[in-house]
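Coordinate-derived values only; no laboratory data. All values reported here derive from a predicted model rather than from experimental measurement. Positions of Cβ are backbone-derived with ideal geometry, glycine not excepted, and every protein chain shown enters the neighbour counts.
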Amino acid sequence: MADSPKDIPEAGRTLIKNIGLLLTGDLDQPILDSDSLTIEDGVISGFESKNADRVIDAAGCAVAPGLIDGHCHPVFGDWTPRQNQIGWIEMNVNGGVTSFLSAGEVHLPGRPKDAEGVKALAMVAQRCFANFRAVGAKVIAGAPVPELDFDYTFYAGLKEAGIRHIGEIGLGTVAKGPDAARVTSWCRELGIETIMHTGGPSIAGSHLVTSSDVLEAQPDVVSHINGGPTSIPHNAIRELCRYAKGGLEAVHNGNEKSTLVALEGALEEDRLSDFLIGTDAPAGSGVQPNGMLRMATLLSCLGGLPAEQAWCCGTGNVAKRRGLQQGILQKDRPADIVFMDRPVGSQGTSVLDAMVMGNIPGIAAVMIDGKLRIGRSRSTPPAARLPLN
Ligand SMILES: [Zn+2]
């Protein structure tokens, strides 16, 4: 199920040929006119046909960057205590997700709240996931949740320990604007990324965060602007789209209507490149292995966003905002790649047609660092075509 700690990229050159549609994940050029992609030692080396050590025939499938779930709540291993479920990361890879960004390891039973415990947990989570990659998935964890009694030295200590982002402000006792603003300014000074819960409490014991709290704090990412799961009012969402400087994130565990309001708000402000999608899973609503696919499809079918741009919201947009190499199919970036097609039975000729009509893609194979990790997905409907290798 899980690969060894010595998870290394596929050695040698791989050619992917007969690509039916090449999605880049980059909003500046979401579709690339090429039918070939080459990989050297797990890294994309170009888009022309070349001799290679191995050849994968995409058989007309679309090739796209693996999705990055920019908002999830892992704990340890491929297990979540929230639903007492195992294998959720592996099933998400089956749903086209190749990278996961922790928004806080908050579901750990008995999670510590004191400064030393919180820092220690973040370090252990970060180090464990650096060594443990379920079917090759990259989990970037170690996201400590701020509490009111943590001072500047706490955050400086995180920085020293190699922690580069914190968990959602608002899941702990820091939730009000002035307190949150203190934390974001310290983190900004230290170069630590900040994200902030938005909306009603996610579960008994967490806190309500309003648009004014968020605007006062100006986090790097407005976490689930569409609620996680309870949304702020629509006019407050629009206010955030106008005045919040950070990424505007919508999640699967949120309010669907508010997702569409947020997308509209982002488009009105010409901020599609700031629009990010995630799942917020595992959460009270469970784990949906196709959550990222469902979000991209929702933006496209009900939000009216061209499907190739919707894919960017869960790949390149997240990569650019969070400083990741993966998420864009471009020379010198990791070959984290999804092969997909319209699902059997869907109208249209391409996966993009399927998404526009509200059908999620059929995932045909997933590659991470140039290695094929899964074939036909166990969580999506069957793709009409499958790559041959
Ligand atoms: Zn949240």
Check your understanding: Which aspartates and glutamates have a Cα lying under 14 Å from the Cα of residue 17, excluding residues fewer than 8 positions away in the same chain?
Key -> 33, 35, 48, 53, 57
Point to revise | Rg/Rh for region 172-272, where both radii come from Cα atoms and Rh is the Kirkwood radius | key: 0.95
Review point. Rg and Dmax of the chain, using alpha carbons, in Å: what are they?
Key: 19.9, 60
Review point. What 222 nm value per residue comes from the helices of the chain, counting each DSSP H run with n ≥ 4 as -39,500 (n - 2.57) and dividing by all residues, nearest 500 deg cm²/dmol?
Key: -8000 deg cm²/dmol
Check your understanding: Quick one: helix 234-243 against the long Cα principal axis of the chain, what's the angle to the nearest 10°, folded into 0 to 90?
Key -> 80
Revision key, fill the gap. Counting only DSSP beta bridges with both partners in the chain, the antiparallel fraction in percent, to the nearest 5, comes to 55
Point to revise | Phi to ³J(HN,Hα) by Karplus 6.51 cos²θ - 1.76 cosθ + 1.60 over region 41-57, Hz, x for Gly, Pro | key: 6, x, 10, 5, 10, x, 10, 10, 6, 8, 4, 8, 6, 9, 10, 10, 8
Review point. Once the Cα atoms of helix 256-268 and of the chain are each reduced to a long axis, what angle between those two axes, in degrees from 0 to 90 to the nearest 10, is obtained?
Key: 80
Practice item. Apply 1/(1 + (r/R0)^6) to the Cβ-Cβ distance of residue 159 and residue 216, taking R0 = 25 Å, and write down the FRET efficiency to the nearest 0.05. Key: 0.60
Study note, to complete from the structure: The simple spin-label model distance between residue 185 and residue 28, using points 7 Å out along Cα→Cβ, in nm, is 3.4
**Study point:** Förster-model FRET efficiency, 56 Å R0, residue 123 and residue 235, C-beta, rounded to 0.05
**Key:** 0.85
Study note, to complete from the structure: The extension gain from residue 113 to residue 269, computed as 0.36 nm times the residue separation minus the Cα-Cα distance, is 52.3 nm
Practice item. List nothing, just return the count: lysine pairs in region 66-322, 8 or more apart or interchain, with Cα separation under 19 Å. Key: 6
Practice item. Provide Rg over Rh for region 111-248; use the alpha carbon set for both Rg and the Kirkwood Rh (inverse mean inverse pair distance). Key: 0.98
Exercise for review: Could you please state, rounded to a whole Å, how far the C-alpha centre of region 65-83 is from the C-alpha centre of region 122-161?
Suggested key: 14
Practice item. Please work out the Cα center distance from region 322-389 to region 167-205, rounded to the nearest Å. Key: 34
Point to revise | Length released on extending from residue 53 to residue 325, taking residue separation times 0.36 nm less the Cα-Cα span | key: 95.5 nm
**Study point:** Rel. contact order, % - alpha carbon contacts under 8 angstrom, at least six apart, region 66-322
**Key:** 19
